[in-house]
Amino acid sequence: MNWKALVAAGAAGVGVVAVKDLTQKSHALQRNFPVLAHARYWIESIGPELRQYIISGDDEERPFSRDQRRWVYSSAKLQNNYFGFGTGNDVENTNGYTIIKHRTFSHVAPSTAIHAGEEVPIPSAKVLGGPRDRKHAFRPNSIVNISAMSFGSLSGAAIEALNKGAKIAGVLHNTGEGALSPHHRQGGDITFQIGTSYFGCRDEKGRFDIERLKEVIQTAPVKAIEIKLSQGAKPGLGGMLPAAKISEEISQIRGIPMGQDCSSPSRHTAFSDVDSMLDFVEMVAQETGLPVGIKSAVGHMDFWHHLLDKSGPDRNVDFITIDGGEGGTGAAPLVFTDSVSLPYRLGFTNVYKLYAEAGRTDEVTFIGSAKLGIPENAIVAFALGADMVNTARGAMLALGCIQAQKCHTDHCPTGVATQNPWLTRGLDPTDKSVRVANYLKTMRRDLLKVSEACGVAHPGLLSVHDIDIVDGVHTKRPLDDVYGYQPGWGVPSEMIRNEITEIMKPRLPAAT
């Protein structure tokens with residue numbers, strides 16, 4: 001075919017599109033501007049990519065800026081993740097900017113070597129399940145762990161890579177509410193999440209089944225159980241898995257039909273209030289011997305007041321995972337992702353202060369979730385009282401996610417959040433698992449370096465006195481003043497502090 005024929009064919013194609021645009025009545029823009037209107041739709045569809053690579057500054061784009069993504073990518077590849085010339089942030093004119101205060105003299109000193117500390121395990125300062133004397137209580141090996149992401153929302157290849165990475169880095173991998181799939185069984189330690197649909201632990205009528213739960217956890221290295229009450233990006237709504245992402249494998253694992261959106265209920269049926277929830281927690285803990293906790297976003301505070309009032313020596317949760325409204329999701333209505341539930345720092349401090357006022361913060365392990373896979377955010381979380389942090393989107397970026405924001409469409413271009421075989425084939429679990437592990441190790445390394453710069457041997461020993469919130473170059477406020485903390489809040493008891501300090505002594509890298 002010569003060039004004249006090609007031009008003629010192209011012109012004919014354009015003509016067909018023009019005629020179709022002029023005669024259709026659904027889109028006024030196409031009717032008024034045939035053919036040209038499609039360019040507008042195409043540019044709109046690649047808006048996120050344009051902003052990522054062309055328009056946005058290095059620290060502008062959300063949820064994660066280009067600098068933050070570059071730090072994750074380079075960390076995952078063990079490349080140079082340092083930045084030169086100075087900060088690109090507008091420190092002079094930004095209100096609410098976080099400043100970490102270093103100490104001039106300290107009995108601990110961080111190594112300056114670029115990869116120093118990556119192999120240093122940083123265990124939790126608290127023993128998970130210890131206060132309730134659970135049969136299988138344990139001290140988590142890592143203060144940074146992989147947050148809840150279900151198989152179904154993520155591809156099988158992505159889940160396999162995450163679990164292999166968890167094994168390499170020695171972290172916990174949360175299954176999400178989509179059950180424990182074969183892809184989770186790659187040797188990494190598991191936190192099994194129980195959602196409102198009880199996937200993986202329900203009977204034929206969809207009701208919770210304790211025997212089914214015990215069968216499942218006996219087949220994998222499940223270390224803890226997390227009961228999901230709500231998720232930061234869509235609290236009070238329940239989970240949503242679009243029909244396009246439901247494969248036959250997912251259908252079998254979850255016990256759900258093909259061709260229909262899988263919408264999890266917004267509330268549990270196994271319990272209906274704080275009293276019955278605590279009974280449920282104790283029953284599951286006694287039957288399995290595992291630590292059992294809850295995950296929740298923060299809205300009205302009445303639930304948390306009741307939880308504190310109803311819990312005690314005879315029944316209690318072993319851990320509380322607080323999710324913030326800025327947290328991620330595979331699919332949710334815009335109003336929920338934008339406006340429902342408090343941001344992490346406000347939500348967490350509201351809950352923590354209740355326990356601190358009652359002198360009961362040592363009873364539970366506090367876990368932070370929601371955009372905490374970046375060192376700066378995690379440091380503030382630890383200073384406010386978190387004992388561990390979970391990261392989901394940070395781990396996704398390490399897998400190769402480019403923040404295309406197509407998780408809800410089944411068209412994720414990197415094969416992370418899709419069930420499309422053509423797209424998932426591009427994600428090699430063996431290669432990406434190493435990148436996930438590198439990212440998690442580097443995250444811990446940076447937390448350790450900052451902690452040592454502040455004069456403490458462990459991130460859990462950071463306090464609100466180590467952080468200031470500044471408004472440009474005009475004013476600063478200590479973190480305890482911003483969130484109304486009293487002296488001694490934000491850190492564990494002296495006994496726990498001494499214990500974790502002794503544990504860390506032989507693990508700290510030698511200064512260079």
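Using every pair of distinct Cα positions in segment 188-229, the Kirkwood expression returns a hydrodynamic radius of 10.5 angstrom. Debye sum, Cα scatterers, segment 341-466, no solvent: what log₁₀ I/I(0) at q = 0.09, 0.19 1/Å? The Debye formula, applied to the Cα set alone, gives -0.35, -1.02. Among the listed pairs Lys371/Lys449; Lys77/Lys126; Lys126/Lys441, those with a Cα-Cα distance over 23 Å are Lys77/Lys126. Note on Arg212: accessible area is roughly 100 Å² with a 1.4 Å probe, heavy atoms of protein only. These residues, Asp480, Asp428, go from largest to smallest accessible area, 1.4 Å probe, as Asp428, Asp480. Measuring max minus min along each principal axis, the C-alpha atoms of segment 145-197 give extents of 31, 18, 14 Å (largest first). Gyration tensor over the Cα atoms of segment 405-492: the corresponding equivalent ellipsoid has semi-axes (square roots of 5 times the eigenvalues, largest first) of 40, 19, 12 Å. Once you order the gyration tensor axes a ≥ b ≥ c over the Cα atoms, which shape class does segment 207-281 get: rounded for a/c under 1.5, otherwise prolate or oblate by comparing a/b with b/c? The shape class here is oblate. Taking each DSSP H run with n ≥ 4 as -39500 (n - 2.57) and averaging over every residue of the chain yields -10500 deg cm²/dmol at 222 nm. Legend: Rg and Dmax of segment 177-247, from Cα coordinates, 12.8, 33 Å. When the surface is traced with a 1.4 Å probe over the full set of protein chains, Arg497 keeps roughly 80 Å² accessible. Stokes-Einstein, applied to the Kirkwood radius of segment 305-363 over Cα pairs at a viscosity of 1.002 mPa s and 20 °C, places its translational diffusion at 162 µm² s⁻¹. Take the Cα radius of gyration of the chain and divide it by 2.2 N^0.38 Å, N being the number of residues; the result is 1.04. Each Cα pair under 8 Å and six or more residues apart adds its sequence gap; the mean of these over the residue count of the chain is a relative contact order of 21 percent.
The values are calculated or read from the model by the stated rules, or taken from the named source; none is laboratory data. This is a predicted model, so every value here is computed, not measured. Each accessible area value is taken on the protein alone, full model and side chains, heavy atoms only, with ligands, DNA and RNA left out. Shrake-Rupley method; radii C 1.70, N 1.55, O 1.52, S 1.80 Å.
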